[in-house]
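Some notes on the structure that comes next.
Readers should treat all values here as calculations from the given coordinates under stated rules, not as data from a laboratory. Nothing here was measured: the structure is a model prediction, and the numbers come from that model.
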Ligand code: UN1
């Protein structure tokens, strides 16, 4: 297959530049999918200027709504070819990838509706005769830094609300998903928005740093905790607003009264689908001692049946990791467990996985201070921790720095109700996998997982608008 030579997209035009990076197909490392340039501070400066120039042209809500709907329809129509490109460039399975493109299409449609529902408020003033009006206005030029694991949906859930609320965007996608980003940019560019409404600057850390240093009003980031902290410090030091969605070390509790088949399905889905490369993945399985053996047996059975292989084959359930570097980071995470004497109880198909593949691994005797129980590995790796009863399970679930999502399998309404209020997570999942969220409900975590207001759904308004209050006397 041919290699794509990618260009930045600034002010409505492609801006070619010398490539500095290559993205290879993680299932076939000899295949170079894309050659990627790295944006300089000048490129980013020009993109910010183009975005500023586009702002006045974004003042009409109907035009914005029409463009968002057009992007949604175009994405829906292109779900097959975009899905295949995602599989080829990032290793995501084609079925997941096509589902993701549909999700992105629906996100654009949702925010197309929201553009027409920007409402304000009018208060009765405490002072007679005075009116108080509250409005939600565009924040201005917003930066977006997005990861490779959801290379269309995550950009969609930042770019769509930005446009819906009247903001212009400078977007830096992950260097591992630049070809997918270029395809999404092409779709956006065909939707009739003013030139410069959305600009795309490509590259890795250097381009990201340039974006964080640029005079943007706000920046929304999704990625690792380490990078998120650097982004947040740089952006907030300039006085700009920042939204950062970072990792999770998500726990899933299985109580003695749970439906064990459903729980085992959820474990396998959360821990191993997408090769564990979701911030919502399950890495800690917290099991009541009474059901430890039958649960591990059920999970093991399902792990052995997983179809691991070519991500572009619709039958594949687990593909490779995104890069050789990611594979070695995950292998280090597994080795750190082995160094503490933990041995996998189950391990997919054997340790000799080629290219960027890592076989799914389950440790059955994880302790709460093992590295896998405290830090995000971002691969198909999970460990089981044994507890006695709900209270101990909840305490274990909460004993970590992160708080993105957490799950509970039980038939007890009492425990389910308690969990929703006391699990220290942004998203509680009862009798569901930790991963997999709706696209119209708020998304975000507690503790080290998230910074700033929630993403998605109507909650996105908080980040992408400024609240203005106007008082008027007769
Ligand atoms: C999901 O689980 O459906 O990077 C979404 C991630 C998250 C998105 C997960 N921001 O994995």
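Against the empirical curve 2.2 N^0.38 Å, the C-alpha radius of gyration of the range 14-106 lands at a ratio of 1.39.
Distance distribution note for the range 171-224: the fraction of Cα pairs above 16 angstrom is 46%. Just to be sure I understand the curve: with the Debye formula and one point per C-alpha of the range 250-439, what is log10 I(q)/I(0) at q = 0.11, 0.17 Å⁻¹? With one equal scatterer per Cα and no solvent, log10 I(q)/I(0) is -0.43, -1.05. With viscosity 1.567 mPa s and temperature 4 °C, the Kirkwood radius over alpha carbon pairs of the range 229-361 converts through Stokes-Einstein to a diffusion coefficient of 78 µm²/s. In summary, the convex hull built on the alpha carbon positions of the chain has an orientation-averaged projected area of 23.5 nm².
Counting Cα-Cα pairs of the range 297-367 in 5 Å increments starting at 0 gives whole-percent bin shares of 3, 16, 23, 25, 20, 10, 3, 1. Dividing the radius of gyration of the alpha carbons in the range 357-474 by their Kirkwood radius gives 1.10 for Rg/Rh.
In vacuum, with every alpha carbon of the range 177-263 counted as one equal point scatterer, what does the Debye formula give for log10 I(q)/I(0) at q = 0.11, 0.18, 0.23 Å⁻¹? Two decimals, please. Ignoring solvent entirely, the Cα scatterers give -0.50, -0.89, -1.19. Annotation: the range 131-191 has a Kirkwood hydrodynamic radius of 12.5 angstrom, from the mean reciprocal C-alpha pair distance.
The angle between the Cα long axis of helix 79-90 and the main principal axis of the chain comes to about 60°, on a 0 to 90 degree scale.
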